[in-house]
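The block underneath contains the structure these notes are about, expressed in structure tokens.
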Amino acid sequence: MKKIIDVFEDYEDLRIDKFLAENLEDMSRSYIQSLIKDEKVLVNSSSCKAKYCVKCGDVIEIDIPELTEPEIVAENIPLDIVYEDSELIIVNKPKGMVVHPAAGHLSGTLVNALMYHCKDDLSGINGVLRPGIVHRIDMNTTGLLLVCKNDYSHNFIAEQLKEHSITRKYHAIVRGCLKNDEYTINKPIGRSKSDRKKMAVVTDGKHAVTHVKVLSRTDKFSYIECELETGRTHQIRVHMASLGYPILGDNIYGNNKDDLKLQGQTLHAKILGFIHPKTKAYMEFDSELPQYFKELISKYGLTFR
């Protein structure tokens with residue numbers, strides 16, 4: 001597949017690898033550098049180096065090799081199943097488990113486990129790497145995840161996600177004492193301008209709304225409930241960090257040298273509610289907080305709700 005990109009004045013004198021990384025959101029800078037090294041990137045019909053600085057009027061041609069999707073193997077990994085029927089399955093995901101295979105994580109994922117448990121009974125809408133996956137949570141976020149067994153159910157649930165009618169409430173511990181009891185954070189989220197691997201509050205980002213309720217607080221920490229109105233990547237983590245109250249253990253949007261030595265953010269997908277695709281009845285599930293989360297609440301003088 002070939003792509004052609006014209007360089008405009010705003011990008012004058014920017015390194016070509018950085019220029020392409022900012023204009024091709026589905027490619028990392030390192031992958032672009034490998035394409036340049038393999039002479040898959042031409043500037044005005046000539047090969048170049050990654051350090052080449054683009055000029056206004058340059059025509060860049062990128063020859064992108066066809067990607068081959070790896071074969072995903074079913075693995076006998078125990079699942080904490082909260083609910084299951086012919087249409088869907090709800091699991092309680094543990095900390096440290098990746099939801100679906102990706103570069104560097106082709107095994108040991110939730111999808112590998114689901115393929116073993118469900119066999120061929122998973123929706124195929126999101127392709128071979130994400131069978132059944134209609135929404136996801138981060139590797140170090142724990143809690144409830146809904147998986148669909150067929151395309152009808154997948155579309156039915158996806159429509160509820162699109163309409164923001166699914167109930168999704170997360171519990172988190174954040175650094176700092178939130179002064180108000182309730183907040184509504186309405187800030188657009190998009191790819192960070194300075195680091196493409198991160199999300200950020202940006203003016204041209206996608207509409208994002210998080211409703212926050214303080215459950216307990218001390219002078220150093222707050223235990224909160226966050227209800228998602230929208231579902232952007234890293235939404236709660238980005239929104240709380242934007243207020244100056246990063247989630248405890250978040251080494252991406254919080255303290256990069258977290259002195260508590262936690263394995264990722266203290267964030268738990270606790271409540272999940274939706275209209276069932278077959279019965280059309282509303283169902284709601286509540287997941288118990290993980291043991292480590294309970295211990296932190298007690299350790300820092302917070303109280304359970």
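Here's the yes/no breakdown for (1) in contact with an Asp or Glu (Cβ under 6 Å, 6 or more places away or on another chain); (2) over 30 Å from Leu289 (Cα atoms); (3) crowded, with 18+ Cβ neighbours inside 10 Å:
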| residue | (1), (2), (3) |
| --- | --- |
| Met1 | no, yes, no |
| Ile16 | no, yes, yes |
| Asp38 | no, yes, no |
| Ile77 | no, no, no |
| Ser86 | no, no, no |
| Ile90 | no, no, yes |
| Pro94 | no, no, no |
| His105 | no, no, no |
* To do: Six or more apart or on different chains, Cβ under 8 Å: which pairs go from a residue in the range 176-196 that's within 13 Å of Gly244 (Cβ to Cβ) to one that's surrounded by 16 or more Cβ atoms within 10 Å (Cβ to Cβ) and among the aromatic types (Phe, Trp, Tyr)? Could you list them?
  => Gly176/Phe221; Gly176/Tyr245; Cys177/Phe221; Leu178/Tyr245
* **Test: Thr184 is farther than 26 Å from Leu262 by Cβ and either exposed (fewer than 14 other Cβ atoms within 10 Å of the Cβ) or charged (D, E, K, R) (or both)** => yes
* **Check on Val98, closer than 30 Å to His117 by Cβ, open to solvent by less than 40 Å² (accessible area, probe 1.4 Å) and either at pLDDT 90 or above or out of contact with any helix residue (DSSP H, G or I) (no Cβ under 8 Å at 6 or more places or on another chain) (or both)** => yes
* To do: Find the residue count for the range 76-86, including only residues that are over 18 Å from Met139 (Cα atoms) and either at pLDDT below 95 or in contact with a Phe, Trp or Tyr (Cβ under 8 Å, 6 or more places away or on another chain) (or both).
  => 3
* Structure fact -> Residue hits (the range 209-235; under 15 Å from Lys169 (Cα atoms) and of a type in the set (A, V, I, L, M, F, W, C)) are Val209, Val212, Val214, Leu215, Ile224, Cys226, Leu228
* Asked: Among (1) within 30 Å of Gly264 (Cβ to Cβ); (2) in contact with a strand residue (DSSP E or B) (Cβ under 7 Å, 6 or more places away or on another chain); (3) not polar (S, T, N, Q), which single condition is Pro101 missing?
  -> (2)
* Do you know which of the residues in the range 209-233 that are touching a strand residue (DSSP E or B) at 6+ places or on another chain (Cβ under 8 Å) and β-branched (Val, Ile, Thr) is most open to solvent (accessible area, probe 1.4 Å)? -> Thr233
* What residue, of Lys270, Lys278, is touching a Gly at 6+ places or on another chain (Cβ under 7 Å), surrounded by 12 or more Cβ atoms within 10 Å (Cβ to Cβ) and charged (D, E, K, R)? -> Lys270
* **Residue list for the range 68-99, restricted to those being among the aliphatic types (A, V, I, L, M) and touching a residue at least 60 places away in the same chain (Cβ under 8 Å)** => Val82, Leu88, Ile89, Ile90
* Structure fact -> Within the range 40-74, the residues that are of a type in the set (Asp, Glu) and open to solvent by less than 50 Å² (accessible area, probe 1.4 Å) are Asp58
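How about the range 29-134: which strands (runs of 3 or more DSSP E) wholly inside it have at least 2 residues that are among the charged types (D, E, K, R)?
Passing ranges, in order: 59-63.
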* Asked: Failed condition for Lys278, given (1) under 24 Å from Tyr183 (Cα atoms); (2) of a type in the set (D, E, K, R); (3) at pLDDT 95 or above, with all others met?
  -> (1)
* Asked: If we scan the range 122-137, do we find a residue that is within 20 Å of Met283 (Cβ to Cβ), open to solvent by 10 Å² or more (accessible area, probe 1.4 Å) and without any contact (Cβ under 8 Å) to a residue 12 or more places away in the chain?
  -> no
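The values are calculated or read from the model by the stated rules, or taken from the named source; none is laboratory data. Keep in mind the model is a prediction, meaning the values are calculated, not measured. Note: ideal-geometry Cβ built from the backbone for every residue, glycine included; neighbour counts use all protein chains shown. Just so you know, the surface numbers come from the protein's heavy atoms only, side chains and all, with ligands and any DNA or RNA stripped out. Shrake-Rupley method; radii C 1.70, N 1.55, O 1.52, S 1.80 Å.
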